[in-house]
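The values are calculated or read from the model by the stated rules, or taken from the named source; none is laboratory data. All figures in this text were calculated on a predicted structure; none of them were measured in a lab. Cβ placement follows ideal geometry from the backbone for every residue including glycine, while neighbour counts extend to all protein chains displayed.
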Amino acid sequence: MNKVSVLIVTYNQENYIQDCIRSVLNQTYKDFEIIINDDCSTDNTLSKINELNNGNMKVIQPEYNQGINAAITNLIYQAKGEYIVLIGGDDMLQANHLEVVVNYLDNHPQISTVYSNVIPIDENNKIRYDLGKDFIKTEDASSEKQLHQAFMYGNFVSSPGMVVRKDAIDKILPLPYGIVNNQDFKMHIDLLINKSENVVLPDKLILYRQPHKNRNISAKGFTTELRESLELENVMDSFLNIKDVDWLEEIFKDEIESTGIIPYSDTIPYFLGRMAMLAKKDAKKNWGYHQIINFISEKENFDIIKQRYNFTYKDLLQLTNALKNTTFHRCFKYKKLFNLFLTGFIISTLLLLISVIYIIIF
């Protein structure tokens, strides 16, 4: 049995998949298996894989296109290695990637997940110097700081080439099939919440594909931004699985100091709701508001927060003030300005029309 399982997720990557596979085959560390999930590509990806497959890799192809999380879940169920490596079919590993991460995990049994930094490359495998030398640079941090970053802001690590102990990732399977753009973000959070300690190595061990004309599902645009926003509610739900009040106090120590709101074992949804209303993204603020009103929908819970925080119906009415400067608030403000402009335009037009009529008649 191989110690490492390298799992490759691919879909319509005929131009890159062979480079990805070769980067694995050329590793300085050799005790690994390769398993590839081709998610029903409509181009020549599968034939490109088969050209390099002399029996040294396993290829999975589902009956229909199911998405990234389904592919990762299927691959992990097939994996036999102690360590799991996840990589997209358009990215590549540096030749020493496995050697570095395996050595680290072997010597740090308390660590479950290893992330590393990346080098952006274009469609011709050339380094994208225009993106800067610190493109997606990720620093190592404590679990508490990472969870705080995730809750208040956004993703805190780069997922390409991440390595995780199989017994750790098995605990969060199956991954939710419906999550698309936030799939890695939620996976990182769920691993941390399940007490899987991680490390971010400074080494740039991944060649991360960034074509000049990026058309994949992660490419920024209205649809992507909308999908990410819609998925955030499911991502934020992961934090409801934290039941350790002391841990919550450590994660949100700055917010607790500034607001005076502390968590109790019987008020965690309310507490997280109040914390989320301090976050930077509208979707997180909205999630927080929903957590609060859902929690106090039951009278006994309303009684609890009255006792714990002296929270009353008047305070509930004031909560919406925290939603100022959100998209809804800005749209409402612009609507008022538009109505004023429209009223002024109509009045000006009527005055002009009256003036023209007056000139014609007199």
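Brief remarks follow.
- Residues being under 20 Å from residue 79 (Cα atoms) and not in a strand (DSSP E or B) - total across the range 1-16: 4
- Entirely in the range 123-200, the helices (runs of 4 or more DSSP H) that have 2 or more residues that are buried (at least 20 other Cβ atoms within 10 Å of the Cβ): 143-152, 183-193
- Scanning the range 53-71 for residues that are in contact (Cβ under 8 Å) with a residue 24 or more places away in the chain, under 21 Å from residue 4 (Cβ atoms) and surrounded by fewer than 15 Cβ atoms within 10 Å (Cβ to Cβ) returns a single hit, 56.
- Residue count for the range 72-120, restricted to those that are more than 11 Å from residue 6 (Cα to Cα), part of a strand (DSSP E or B) and of a type in the set (Ser, Thr, Tyr): 3.
- Residue within the range 264-277 that is farther than 20 Å from residue 244 by Cβ and either under 27 Å from the mean Cα position of the chain (by Cα) or at pLDDT below 95 (or both) present: yes
- Residues in the range 291-323 that are closer than 22 Å to residue 251 by Cβ and loosely packed, with under 15 Cβ neighbours inside 10 Å: 1 in all.
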